[in-house]
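The structure under discussion appears below in the form of structure tokens.
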Amino acid sequence: MTRHALMLVLALSGAAAPARGQAPAPPAAPAADITPNDYSDDKTWLCRPGRKGDACDVDLTTTVVAADGSLTREAFTPNPKAPVDCFYVYPTVSTDPGVASDMTPDPAELNVILQQFARFASKCRTFAPMYRQMTLAGLRQRLASGAITFESSPWYTDARDAFRSYLQRDNQGRGFVLIGHSQGAYILTEILKQEIEGKPVQKQLVGAYILGATFPVAKGQDAGGALKTIPLCRKPGQAGCVVSFSAFRSTVPPPANTLFGRATEASLSGSCTNPAAFGDGSAAAHAYFLTSGRLIAMAASAPAWVKDKTVDTPFVSVPGLLAAKCTSNEHATYLEITVNGDASDPRLDDIPGDLGAPGKPIAMWGLHLVDVNLVMGNLLSNVEAQTRTYLRR
């Protein structure tokens, strides 16, 4: 995929909202010629609990590379008896022709499930619907016309219908976690607004993860922007709240034309919840990367994770290499990622994830391609803590 094409894939994250930094306008009903999907058909789901061979039934074995170069193998074990559910809406990855993707899983959808969602099966029952998202081709068409909105959009109504089907067929009063990135995060914000907030089902919300998208709040507050009352999470294990961030390198902070982390209304601001710390200060980011170096929307060369040794597992983790903290500059509120590379040790000194030529990242995108990878272990730990809080409550 060319760099130009990849930029179009990612542009939805900044352009899905009518004004950058604001929550998207409520989507209209689908056009008359769009037939609703039947989400009672298991074929419309990428992941459902207990299915063999679906997109979440994958090898997540990880090699942990310590700073001294030593390697430890970390097995992955799903929990079929997990007490809560996770419902996931994936980001813009489809290379199908047309404005909206079809309902056939392609390598793009399978890859993003592998990287962003399958690992949650250790903490919850996994539900991931296929949906007719805005594709690369559709995004290019709408950018050319100067209009990108949710009007008459199957991407919202499909995800909404899937969530309604999940509640009716599968939920049975269980707590649930919402997880979305980029296009999926904006869609889930609307589901929270239209289907959950202020309704009886809100009491079942364990947590919402609105990742790689601007989630505006009232200035100085934890709610009052995209949502009226559901707040940002401010302590580990706090339930019924939102974790939201967009990641940027400490060396490449958000510029004036940033696509994430700022609200255009004077009464609102962007937001950041650090899943590694839940408060001020920096903490270790527990990352999981594909060993091959592949990202959610493009292939990449495999990094040399450690000198003179081979990493032969699908995933790799590098404890102590990354630190995360929430911060702000004059342009945005964001999750700052510091890479603690050390040229004197055998481990790699940097991470993949930038959009742009090697050594020349495009600053306005930040680390959008690896938002979820950077803190996957921290997200899992917080879902576990939130589940304990929810069950006690």
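Among the conditions (1) at pLDDT 95 or above; (2) on the phi > 0 side of the Ramachandran plot, G53 misses just one, which is (1).
The numbered conditions (1) at pLDDT 95 or above; (2) more than 26 Å from P314 (Cβ to Cβ); (3) small (G, A, S); (4) assigned to a loop (DSSP other than H, G, I, E, B) are all true for A162 except (4).
Note on region 263-299: among residues that are buried (at least 23 other Cβ atoms within 10 Å of the Cβ) and over 16 Å from the mean Cα position of the chain (by Cα), the one that is nearest to D59 (Cα to Cα) is G270. Of the strands (runs of 3 or more DSSP E) lying entirely inside region 294-348, those containing at least 2 residues that are without any contact (Cβ under 8 Å) to a residue 60 or more places away in the chain and not aliphatic (A, V, I, L, M) span 322-328.
Restricting the search to region 349-393, which residues are among the small types (G, A, S) and not in a helix (DSSP H, G or I)? Give the steps one after another, and end with the answer.
Pass one, region 349-393, residues among the small types (G, A, S): 353, 356-357, 359, 363, 366, 377, 381, 385.
Matches in region 349-393: G353, G356, A357, G359, G366.
Taking first residues from region 251-265 that are closer than 17 Å to I337 by Cβ and touching a residue at least 12 places away in the same chain (Cβ under 8 Å) and partners that are among the basic types (K, R) and part of a loop (DSSP other than H, G, I, E, B), the Cβ contacts under 9 Å between residues at least 6 apart in sequence or on separate chains come to P254/R262; T258/R20; L259/R20; F260/R20. When residues in region 165-207 are screened for being assigned to a strand (DSSP E or B) and of a type in the set (S, T, N, Q), 0 of them pass.
If you go through region 65-82 and keep only what is closer than 15 Å to L380 by Cβ and not charged (D, E, K, R), you end up with A75, F76, T77, P78, N79, A82. Within region 254-311, the set of residues being within 25 Å of A118 (Cβ to Cβ) and among the polar types (S, T, N, Q) comprises T273, N274, T291, S292, S301, T310.
So which pairs qualify, if the first residue must be in region 195-206 and under 16 Å from A159 (Cβ atoms), the second must be surrounded by fewer than 17 Cβ atoms within 10 Å (Cβ to Cβ) and at pLDDT 95 or above, the Cβ gap must be under 6 Å, and the two must be at least 6 apart or on different chains? Every condition considered, the pairs that remain are I196/Q202.
The values are calculated or read from the model by the stated rules, or taken from the named source; none is laboratory data. Keep in mind that this is a model prediction, so the values were computed, not measured. Using ideal geometry, Cβ is built from the backbone for each residue, glycine included, and neighbour counts are taken over all protein chains shown.
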